[in-house]
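Everything on this sheet refers to the single structure shown next.
The values are calculated or read from the model by the stated rules, or taken from the named source; none is laboratory data. Treat the numbers as computed from the prediction; the structure is a model and nothing was measured. For neighbour counting, all protein chains shown are included, and Cβ atoms are generated from backbone atoms with ideal geometry for every residue, glycine included.
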Amino acid sequence: MRYPINEIFQTIQGEGYYTGTPSIFIRLQGCPVHCNWCDTKYTWICDDKDNVSSKEIINKKQVSKQWSFITIEEILVILKKWTAKHIVISGGEPCLYNLLYITKILETKGYQCQIETSGIKNIICSSNTWITLSPKKNMKPLNESIIRSNEIKFPILKQEDLLYVYDILSNIKDTKKRIIYLQPISQNKKALNICIDICIKQNWKLSVQLHKYIKIQ
Ligand code: SF4
């Protein structure tokens, strides 16, 4: 089993429930959602001309469109050089791929898995994997993805974005406890104030992309 990987690195998770947790990010290549404010646009297209050796991806120093197929066995070897026990499978859109095997293997090796997804595809992973759903206005998440989520993190730029938030939340029929986050897009000050105001009114949580404030990857 192998996955098209753009980056793999250790850092501190800067968003949502696991904020502050030392984490290893596995960033998969490919995303059809194409949000115009996306800060990982280099992951959108899985172009053959950008397919490089796994060594080049492991040693990558700056962001680029380059990616490589890396097997789970290789991933397990790479992980040994770091201390974190929390793995974030991100993208791109990681749920373009079947993540059941990788999440199960990682758990048997003592790792906790988290997937960050827009929810446009079925989420195929272990039952213990923490699902961070971040719905995007340009492609609505599947109902199944919403139901599977442990936290829902809404990116907010303008007041009107809240209509989308209420629309998604009002259609959830189950009683599962999910943590609701509002996250201002790209450290936008106006968006931050909107999020603070609504989080206080609704008793939701604020996610501020801590990594951008402390200037880490
Ligand atoms: S879903 Fe995520 S990776 Fe895809 S375009 Fe939007 S922000 Fe970027």
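Table for the structure above
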{"quantity": "Test set (1) under 20 Å from the mean Cα position of the chain (by Cα); (2) among the hydroxyl-bearing types (Ser, Thr, Tyr); (3) part of a loop (DSSP other than H, G, I, E, B) - residue 175 fails condition number", "calculated": "(1)"}
{"quantity": "Matching residues, region 178-189, being in contact with a Pro (Cβ under 6 Å, 6 or more places away or on another chain) and part of a strand (DSSP E or B)", "calculated": "183"}
{"quantity": "Hits in region 198-217 - residues which are loosely packed, with under 13 Cβ neighbours inside 10 Å, over 20 Å from the mean Cα position of the chain (by Cα) and in a helix (DSSP H, G or I)", "calculated": "200, 201"}
{"quantity": "Sole exception among (1) free of Cβ contacts under 8 Å to residues at least 24 places away in the same chain; (2) more than 14 Å from the chain's Cα centre (by Cα); (3) within 30 Å of residue 195 (Cα to Cα) for residue 21, by number", "calculated": "(1)"}
{"quantity": "Residue, nearest to the ligand (Cβ to nearest atom), within region 18-29, restricted to residues that are surrounded by fewer than 18 Cβ atoms within 10 Å (Cβ to Cβ) and over 19 Å from residue 186 (Cα atoms)", "calculated": "21"}
{"quantity": "Yes/no for residue 9 being within 16 Å of the ligand (Cβ to nearest atom), under 13 Å from residue 217 (Cβ atoms) and either assigned to a helix (DSSP H, G or I) or of a type outside the set (S, T, N, Q) (or both)", "calculated": "no"}
{"quantity": "Filter result (surrounded by fewer than 21 Cβ atoms within 10 Å (Cβ to Cβ), in a loop (DSSP other than H, G, I, E, B) and either acidic (Asp, Glu) or without any contact (Cβ under 8 Å) to a residue 60 or more places away in the chain (or both)) within region 142-172", "calculated": "142, 158, 159, 160, 171, 172"}
{"quantity": "Meets criteria (charged (D, E, K, R), at pLDDT 95 or above and either touching a Pro at 6+ places or on another chain (Cβ under 6 Å) or surrounded by 17 or more Cβ atoms within 10 Å (Cβ to Cβ) (or both)) for residue 56", "calculated": "no"}
{"quantity": "Candidates 151, 116, 93 - the one that is of a type in the set (D, E, K, R), under 20 Å from residue 27 (Cβ atoms) and in contact with a Phe, Trp or Tyr (Cβ under 6 Å, 6 or more places away or on another chain)", "calculated": "151"}
